[in-house]
Amino acid sequence: MQFDFRRGGKKCSQCETAFSPGQAFVSALIEQDDGRTVRLDFCCDHWRESEQECIGFWNQTMPDLTTGKVYWAPRDVLLSYFEHLIDSDQKEIAYVMSLVLLRKKMLTAKTRFDDESGTGQIVVDRSTSRSWEVPDVDVAPDRIARIQDELSQNLFSNQLAED
């Protein structure tokens, strides 16, 4: 399974002003009323942490976009998002996210399970030893593009995250 991750546009979700190189802003993963998780970026004037019900957030500075580099969101945001996917029963995206986190060596595969609920893998956070059951899923080809889009919109940054 191949995934093509892209960056989204960079402007404030509140005032729609484009970020300029060197400008500080906040990226947040927020669950919408329909259950979708979206990434919203806010200029510092419009971000109010206490007012946002978010899965995770991180501070950034708008880089020079001509470099073409793309980085993941911070570790704690990636794990919070993964846990949110597991808790909200979004099996296909949680499965793909577990593969990403395994590849990034944030999670390790502990063991497989096969019980009345189905088959899958138990994964463990390498830092905290917290574990999750990730059911096996067969991701349909038409879903791949939507999962790619959701992950790229939600989890990529133009700068290296400070964990």
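Structure data summary
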| item | result |
| --- | --- |
| Theoretical gain in end-to-end length, residue 48 to residue 148 [0.36 nm per residue, Cα-Cα removed] | 33.1 nm |
| Residue (of 59, 88, 145) at the positive-pole extreme of segment 24-157, dipole from beta-carbon charges | 59 |
| Sorted by Cβ neighbour density within 10 Å, fewest at the top, the residues 27, 20, 98 | 20, 98, 27 |
| Where labels lie 7 Å past Cα in the beta-carbon direction, separation of residue 115 and residue 24 in nm | 4.7 nm |
| Simple spin-label estimate for residue 61 and residue 139 in nanometres, 7 Å along Cα-Cβ | 3.4 nm |
| Ordering of 29-37, 86-94 by packing [mean C-beta count within 10 Å, highest first] | 86-94, 29-37 |
| Where Rh is the Kirkwood radius over Cα pairs, Rg/Rh for segment 24-157 | 0.99 |
| Packing-based exposure ordering (other Cβ within 10 Å, fewest first) of 151, 85 | 151, 85 |
| Rough spin-label spacing in nm, given labels placed 7 Å along Cα→Cβ, for residue 131 and residue 33 | 4.0 nm |
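We did not get these values from a lab; they are worked out from the coordinates using the rules stated. Everything numeric here is computed off the predicted structure, so don't read it as measured data. Every residue, glycine among them, receives a Cβ derived from its backbone with ideal geometry; neighbour counts consider all protein chains shown.
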